[in-house]
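Enquirer: The structure that follows is given in the form of structure tokens.
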Amino acid sequence: MRRLVVLGGGTAGTMIVNKLRKRLPREQWEITVVDRDDNHLYQPGYLFLPFGTYTAGQVVRKRHTLIPDGVDLVLAEVDRVEADKNTVHLQDGRTLGYDYLVIATGTSPRPDQTPGMLGEQWRRSVFDFYSFEGAQALAGALRSFDHGRLVVHITEMPIKCPVAPLEFTFLADAFLRERGIRDRVELVYVTPLSGAFTQPIASAQLGSMLEERKILVEPDFMIESVDNDKKAIVSFDERVVPFDLLVTIPLNMGADFVARSGLGDELNYVPVDKHTLLSKKHDNVFAVGDASDIPASKAGSVAHFAVDVFVGNFLEHVSGRPMTGSFDGHANCFVESGNGKGLLIDFNYDTQPLPGKFPVPALGPMSLLKETRANHLGKLAFRWIYWNVLLPGRPLPLPVHMSMAGKVTTPATTAPHTDKE
Amino acid sequence: MPVTTIDGRQVHVNEEGFLTEPAEWDEALGKTLAAQIGIELTDEHWKAIRFLREDFAAQGETPTLRRVTVAGGIPTKQLFQLFPQKPAKKMAYIAGLPKPHGCV
């Protein structure tokens, strides 16, 4: 009997066990998935919780109901992986041996990593919405917020769902307008990047959307600390941005057991080959989804496309054949822009988000990098697709590899790498 | 990629002026590149630039600001003093390396 252990039953881990259980014969393969608890959270829904668009119940399901028969779900914290001995140690003292290991434990917000962030203002005037509790707490704060400075802040890249802070800002602007108090609020967007987003064309488009909405941008801001007395964030180059309500995206880091196991980089991400997702150190360890160090967006869509490539590669790899699948870093994200509209962006390692049309079978083309009602509806529909199509590993009619079909290119739009600061 | 002449030498650069061939770099060129963006290199600057070069040679990519702090042992605060406003970008420019990978 061969043993596959998957650490993390989130988006990537759940898709992987659903797809691989169908492909690996039960008499030959045992599959185990480990997670710390039995709640699977639909993380894209966190964006809507602060505004009351979604209720908490709409973004959580029992994890075990999403795991197929024939896969063992173990609920425990991982203490460490002893990769040289093919063994996972759990914090409750149990051990799991494996022939192949997949690390899919994602990335988490870490407010503890910035001095002062967890100070006395935490969850009083300092909030995050990248956690289930934070998004719900922020809903209460937003309801009672009626004037002052609302500061949306990103600590450091990379973060999961890198468009979510912009979406939150657009939705906050619309929310305040709807309540008739937008003119009593100064809305400020503070980012470590040099512009609104990481990629030039999208950054220009999203930047002008911030400008239209009279949202001030404070670029190149690397936070050093939160000053709880003055209610301000302070940068390493000693700029001070005061706030009445701070919505911060804390530093994102991979799981601590990755560091304890000696498998991670400075942010606990597992270094892998960016095309095969195989660990650079261990020939029987893969990292899929946000847990790896690939230079792609940390996002569910990336995990989804990557899993499709990974499954084929895994089957080849375990039968001793060379892996023929090559992941291209494909990401496809709806960007909410407020007032029932949204944008769609589609890109990969080498091609930045471009304007044009995105062909979708049966539904027809969606507009890229342009605000439309259809894109907003697409975003809302995605929650159903996530629970019912994506996680069970059913096919979704979207190309795994990014396609140039419908995209409008102008000279110098394929600059592969982007500014990180 | 365009070719430009710096210090009487021909080097390959991208549209933002970053060297695209790390092997064309040496410390004399680094000094000139630094002067172009108004930085006079002290020993402290060199410690960071040399770390970038060594780390790039070992890892195949330009280290992020966090990595210069964690693996290179230079506090972020100091990097902002040495290379004001945009330390990651400025260090890579002076070290003749690509900008750190975008975090998309």
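Bear in mind that the values in this text are calculations on the coordinates, not laboratory data. Just so we're clear, the structure is a prediction, and the values are computed from it rather than from any experiment. For neighbour counting, all protein chains shown are included, and Cβ atoms are generated from backbone atoms with ideal geometry for every residue, glycine included.
Enquirer: By average Cβ neighbour count within 10 Å, what is the ranking of A:102-115, A:275-288 from highest down?
Expert: A:102-115, A:275-288
Enquirer: What ranking, highest mean first, results for peptides A:118-128, A:311-321 when packing means the other Cβ atoms within 10 Å averaged over each residue?
Expert: Going by the mean number of other Cβ atoms within 10 Å, highest first, we get A:118-128, A:311-321.
Enquirer: With chain A treated as a Gaussian network of Cα nodes joined by springs under 10 Å, which of A:Gln28, A:Gln205, A:Gln43 yields the largest mean-square fluctuation?
Expert: Maximum among the listed residues: A:Gln28.
Enquirer: Follow-up. What shape does the stretch A:164-243 take by its C-alpha gyration tensor, where a ≥ b ≥ c are the square roots of the eigenvalues and a/c under 1.5 counts as rounded, a/b above b/c as prolate, and the rest as oblate?
Expert: Here the stretch A:164-243 falls in the oblate category.
Enquirer: Would you mind giving the mean number of other chain beta-carbons within 10 Å of the Cβ of each residue in B:77-89, as a whole number?
Expert: So the per-residue partner count for this stretch is 4.
Enquirer: Taking the dipole about the Cα centre of the stretch B:22-79, with the C-beta of Lys and Arg at +1 and of Asp and Glu at -1, give me whichever of B:Gly73, B:Ile49, B:Gly60 is farthest to the positive side.
Expert: In the stretch B:22-79, that residue is B:Gly73.
Enquirer: Ranked from highest to lowest mean number of other Cβ atoms within 10 Å per residue, what is the order of the peptides B:52-61, A:346-355?
Expert: Ranked from most to least packed, the peptides come out as A:346-355, B:52-61.
Enquirer: About the Cα centre of chain A, what is the dipole size in debye to 20, counting +1 per Lys and Arg Cβ and -1 per Asp and Glu Cβ, all else neutral?
Expert: The calculation lands at about 1440 debye.
Enquirer: Let me ask something else about it. What's the center-to-center distance, using Cα atoms, between the stretch A:213-279 and the stretch A:185-206 in Å?
Expert: Computed from Cα coordinates, the inter-centre distance equals 16 Å.
Enquirer: Order of B:Ile6, A:Ile201 from fewest to most other C-beta atoms within 10 Å?
Expert: B:Ile6, A:Ile201
Enquirer: Let me ask something additional. Pull out the extension gain between A:Asp229 and A:Leu377, defined as 0.36 nm times the separation in residues minus the alpha carbon to alpha carbon distance; nm, one decimal.
Expert: Full extension of this stretch gives 49.0 nm more.
Enquirer: If you take each beta carbon of peptide A:215-222 and count the beta carbons of other chains within 10 angstrom, what is the mean?
Expert: What the average comes to for A:215-222 is 2.
Enquirer: Rounded to the nearest 0.05, what FRET efficiency do A:Lys62 and B:Val70 give with R0 = 35 Å and r taken as the Cβ-Cβ distance? Could you check?
Expert: Between A:Lys62 and B:Val70 the formula returns 0.35.
Enquirer: Looking only at the protein assembly as shown, where both bridge partners belong to it, what percent of the DSSP beta bridges are antiparallel (to the nearest 5)?
Expert: So the antiparallel bridges in the protein assembly as shown amount to around 50 percent.
Enquirer: Here's something else I'd like to know. Once both labels are modelled 7 Å past Cα along the beta-carbon direction, what's the A:Glu218-A:Arg23 spacing in nm?
Expert: 4.7
Enquirer: Mind pulling the angle between the C-alpha long axis of helix A:132-144 and the longest principal axis of chain A? Nearest 10 degrees, somewhere in 0 to 90.
Expert: 10
Enquirer: For the pair A:Arg260/A:Asp146, report the inter-label distance in nm, with labels modelled 7 Å from Cα in the Cβ direction.
Expert: Taking the simple label geometry, A:Arg260 and A:Asp146 are separated by 4.9 nm.
Enquirer: If contacts are Cα pairs under 8 angstrom and at least 6 residues apart, what is the relative contact order of chain A in percent?
Expert: After rounding, I find 16 percent.
Enquirer: Along the Cα→Cβ direction, 7 angstrom out, place labels at B:Glu40 and A:Thr409. What is the inter-label distance in nm?
Expert: Output for this residue pair reads 4.7 nm.
Enquirer: What is the pair-distance distribution P(r) of chain A, computed from all Cα-Cα distances in 20 Å bins starting at 0, with each bin given as a whole percent?
Expert: 26, 58, 16, 0
Enquirer: Just to confirm a number: summing +1 for Lys and Arg and -1 for Asp and Glu over residues other than A:Thr114 whose beta-carbon lies under 12 angstrom from that of A:Thr114, what do you get?
Expert: Result for the local shell: -4.
Enquirer: Okay, moving on. If you take the charge dipole of the stretch A:112-251 about its Cα centre, with +1 on Lys and Arg Cβ and -1 on Asp and Glu Cβ, which of A:Leu206, A:Gly134, A:Leu176 is farthest toward its positive end?
Expert: A:Leu176
Enquirer: Alpha carbon centre of the stretch A:133-182 versus the stretch B:1-66: separation in Å?
Expert: After rounding, the separation between the Cα centres reads 40 Å.
Enquirer: Another one. By how many nm would the segment from A:Thr324 to A:Thr87 lengthen if fully extended, with 0.36 nm per residue of separation less the alpha-carbon distance?
Expert: Full-extension gain reported as 82.5 nm.
Enquirer: Quick check: net charge around A:Phe221, other residues with Cβ under 9 Å of its Cβ, Lys/Arg +1 and Asp/Glu -1?
Expert: Result for the local shell: -2.
Enquirer: Which whole number gives the average, over all residues in A:369-382, of C-beta atoms from other chains lying within 10 Å of the residue C-beta?
Expert: Mean shielding count: 0.
Enquirer: Here is a further query. Expressed in nm to one decimal, what extension gain is obtained for the pair A:Ile181 and A:Arg94 from 0.36 nm per residue of sequence separation less their Cα-Cα distance?
Expert: Between A:Ile181 and A:Arg94, full extension yields an extra 25.8 nm.
Enquirer: Then there is this: Add +1 for every Lys or Arg and -1 for every Asp or Glu among the other residues with Cβ under 14 Å from the Cβ of A:Asp146, and state the total.
Expert: Neighbour charge sum, excluding A:Asp146 itself: +2.
Enquirer: Same structure, new question: Restricting to DSSP H runs of at least four residues, report the calculated mean residue ellipticity at 222 nm for the protein assembly as shown, -39500 (n - 2.57) per run over all residues, nearest 500 deg cm²/dmol.
Expert: -8000 deg cm²/dmol
Enquirer: While we're here: What list of whole percents do you get for P(r) of the stretch A:44-176, with Cα-Cα distances grouped in 5 Å bins up to the one holding the largest distance?
Expert: 2, 8, 14, 16, 15, 13, 12, 9, 6, 3, 1, 0
Enquirer: Shifting gears a bit: About its Cα centre, what dipole magnitude does the stretch A:112-251 give when the only charges are +1 on Lys and Arg Cβ and -1 on Asp and Glu Cβ, stated in debye to the nearest 20?
Expert: For the stretch A:112-251, the charge dipole is close to 480 debye.
Enquirer: Also, quick follow-up: Measuring from centroid to centroid over Cα atoms, what is the spacing of the stretch A:347-379 and the stretch A:1-48 in Å?
Expert: With the stretch A:347-379 and the stretch A:1-48 each reduced to a Cα centre, they are spaced 29 Å.
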